[in-house]
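Written out below as structure tokens is the structure these notes cover.
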Amino acid sequence: MLLAAGRGERMRPLTDHTPKPLLQVGDKALIVWHIEKLARAGFKELVINHAHLGAQIESALGDGSQFGVSIQYSNEDKALETAGGIAYALPLLGKHPFAVINADIYCDYDFKQLSSRAAILKSNGDLAHLVLVSNPEQHPNGDFGLSGNRVTDSAPRLTFSGIGIYNPALFQSITRGSVAPLAPLLRQQIAAGKVGGEHFTGRWVDVGTPQRLQLLDNDLRATHNTVL
């Protein structure tokens, strides 16, 4: 699942008329970098949620056939936040662990690893696996700790990358259509010892402001990096 329902307030005025996932870096939309990488990693069935200017997303991406994948859309009348959006899309996601990726990041994480991580999650009883990264300048205090391969709620903290694998059971308490953030759910399961994780040290960018968007675009154009 690719999360694409956010309003992108910090990206205004760019997002007043263009949904954040369709903003361009290196001559292609942010979300297209993910779709192409997922296709190369062997993923064929994708779900994308949207709310703000969502019709533009569907028009640009279509059914996914241009990328060699099949895309289904979860249309939220209003943005339901991360956990609410995932819970709303559960009928499209099935009964097995699934990967969720924020559409507004850029990274060189190997998406092929997601399948093996999901298989482990299915067998070990965990409800989530989080990919954490070193704290960027704009988020110095991080989100979660990591002890071995277990996510903790103690310092020192790393930053959640926006890449995670989840068991559908994590969202069973959320009423479909309700607004719900993800962090409280995760912290509840972290306290129960049900969340694994890893520290990814490769390239990762939270494309959260026009300035960071421009820097990434300049970098990609300068390096001609069109394939990860």
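The values are calculated or read from the model by the stated rules, or taken from the named source; none is laboratory data. As the structure is a prediction and not an experimental result, all values here were calculated from the model. Don't worry about glycine lacking a Cβ; one is built from the backbone with ideal geometry, like all the others, and counts go over all protein chains shown.
Any idea how many residues of segment 153-173 are of a type outside the set (Ser, Thr, Tyr) and over 19 Å from the mean Cα position of the chain (by Cα)?
Residues that pass the stated criteria total 5.
I'm trying to understand the selection: among the residues of segment 130-183, which are touching a strand residue (DSSP E or B) at 6+ places or on another chain (Cβ under 6 Å), hydroxyl-bearing (Ser, Thr, Tyr) and surrounded by 12 or more Cβ atoms within 10 Å (Cβ to Cβ)?
Thr152, Thr159, Ser161, Tyr166
Any residue in segment 190-208 that's polar (S, T, N, Q): show its pairings with residues that are not in a loop (DSSP other than H, G, I, E, B) at Cβ separation under 9 Å, as long as the two are six or more apart or on different chains.
Thr201/Val133
Every residue, every condition in (1) over 15 Å from the mean Cα position of the chain (by Cα); (2) assigned to a helix (DSSP H, G or I); (3) modelled with pLDDT of 90 or more; (4) within 26 Å of Leu23 (Cα to Cα), yes or no:
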residue: Ala99; (1), (2), (3), (4): no, no, yes, yes
residue: Tyr109; (1), (2), (3), (4): no, no, yes, yes
residue: Leu114; (1), (2), (3), (4): no, yes, yes, yes
residue: Ile120; (1), (2), (3), (4): yes, yes, yes, no
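Residue by residue through segment 4-25, note down the ones that are at pLDDT 85 or above and out of contact with any Phe, Trp or Tyr (no Cβ under 8 Å at 6 or more places or on another chain). Show your work before the answer.
Filtering segment 4-25 down to residues at pLDDT 85 or above leaves 4-5, 18-25.
Result: Ala4, Ala5, Thr18, Pro19, Lys20, Pro21, Leu22, Leu23, Gln24.
Consider segment 82-116. How many of its residues are among the charged types (D, E, K, R) and surrounded by 20 or more Cβ atoms within 10 Å (Cβ to Cβ)?
1
Is there a residue being closer than 23 Å to Phe160 by Cα, out of contact with any strand residue (DSSP E or B) (no Cβ under 7 Å at 6 or more places or on another chain), surrounded by 15 or more Cβ atoms within 10 Å (Cβ to Cβ) and among the hydrophobic types (A, V, I, L, M, F, W, C) anywhere in segment 53-74?
Checked segment 53-74: no residue is closer than 23 Å to Phe160 by Cα, out of contact with any strand residue (DSSP E or B) (no Cβ under 7 Å at 6 or more places or on another chain), surrounded by 15 or more Cβ atoms within 10 Å (Cβ to Cβ) and among the hydrophobic types (A, V, I, L, M, F, W, C).
List, please: which pairs have Cβ atoms under 9 Å, are six or more places apart or on different chains, and start with a residue in segment 4-16 that is more than 14 Å from Glu81 (Cβ to Cβ) and of a type in the set (S, T, N, Q) and end with one that is modelled with pLDDT of 75 or more and in a loop (DSSP other than H, G, I, E, B)?
Every condition considered, the pairs that remain are Thr15/Gly6; Thr15/Leu23; Thr15/His52; Thr15/Leu53.
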